[in-house]
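What follows is a short report on a single structure.
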Amino acid sequence: QVQLVESGGGWVQPGGSLRLSCTASGSTFTGGFMAWYRQAPEKQRELVASITSGGITYYSDFVRGRFTISRDNAKTAVFLQMNNLKPEDTAVYSCYVDLELAGTGKRYRDWGQGTQVTVSS
């Protein structure tokens, strides 16, 4: 059974750092798109950053220069290193994957369970 598991959220003071992880397991994947989204209270979910299997990255303006997305294709994991965090970064962060299941021609699309990131003093 395919699973998507996130970890790494928590509380941090402004200017601090956190690292989020999201790992897909239970099958063999080849290629695909992985991304981080976030949703703050009473706000719509928004894309934070994304990365392709080839390593092409995209960052939303509000995190560019502070956050870094990376992936480990061998482990089908995506990471989000968040530096210089601000109170406005407070949100539930969720990973999203759109991966090809090896040898099937099928795709696996799923959301992580979400992890709370709180930035406050």
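Observations on the structure shown:
- Scanning the range 22-49 for residues that are within 21 Å of Asn83 (Cα to Cα) and buried (at least 19 other Cβ atoms within 10 Å of the Cβ) returns Cys22, Met34, Ala35, Trp36, Tyr37, Arg38, Val48, Ala49.
- Residues of the range 53-71 satisfying the condition of being within 27 Å of Leu101 (Cβ to Cβ) and either among the charged types (D, E, K, R) or open to solvent by 50 Å² or more (accessible area, probe 1.4 Å) (or both): Ser53, Gly54, Ile56, Thr57, Tyr58, Arg71
- Hits in the range 2-17 (condition: assigned to a strand (DSSP E or B) and either open to solvent by less than 30 Å² (accessible area, probe 1.4 Å) or touching a Cys at 6+ places or on another chain (Cβ under 6 Å) (or both)): Leu4, Glu6, Gly10, Val12
- Qualifying residue in the range 72-81 (condition: farther than 26 Å from Ser121 by Cβ, open to solvent by 20 Å² or more (accessible area, probe 1.4 Å), at pLDDT below 95 and in a strand (DSSP E or B)): yes
- Yes/no for Arg109 being without any contact (Cβ under 8 Å) to a residue 24 or more places away in the chain, open to solvent by 30 Å² or more (accessible area, probe 1.4 Å) and not in a strand (DSSP E or B): no
- For first residues located in the range 35-46 and in a loop (DSSP other than H, G, I, E, B), partners that are among the β-branched types (Val, Ile, Thr) and lie 6+ apart or on another chain with Cβ distances below 7 Å form the pairs Ala40/Thr90.
The values are calculated or read from the model by the stated rules, or taken from the named source; none is laboratory data. Keep in mind it's a predicted model, so treat the numbers as computed, not measured. Cβ sites come from the backbone with ideal geometry, for glycine too, and all protein chains shown count toward neighbours. What goes into the accessible areas is simple: the full protein's heavy atoms, side chains included, and nothing from ligands, DNA or RNA. Shrake-Rupley method; radii C 1.70, N 1.55, O 1.52, S 1.80 Å.
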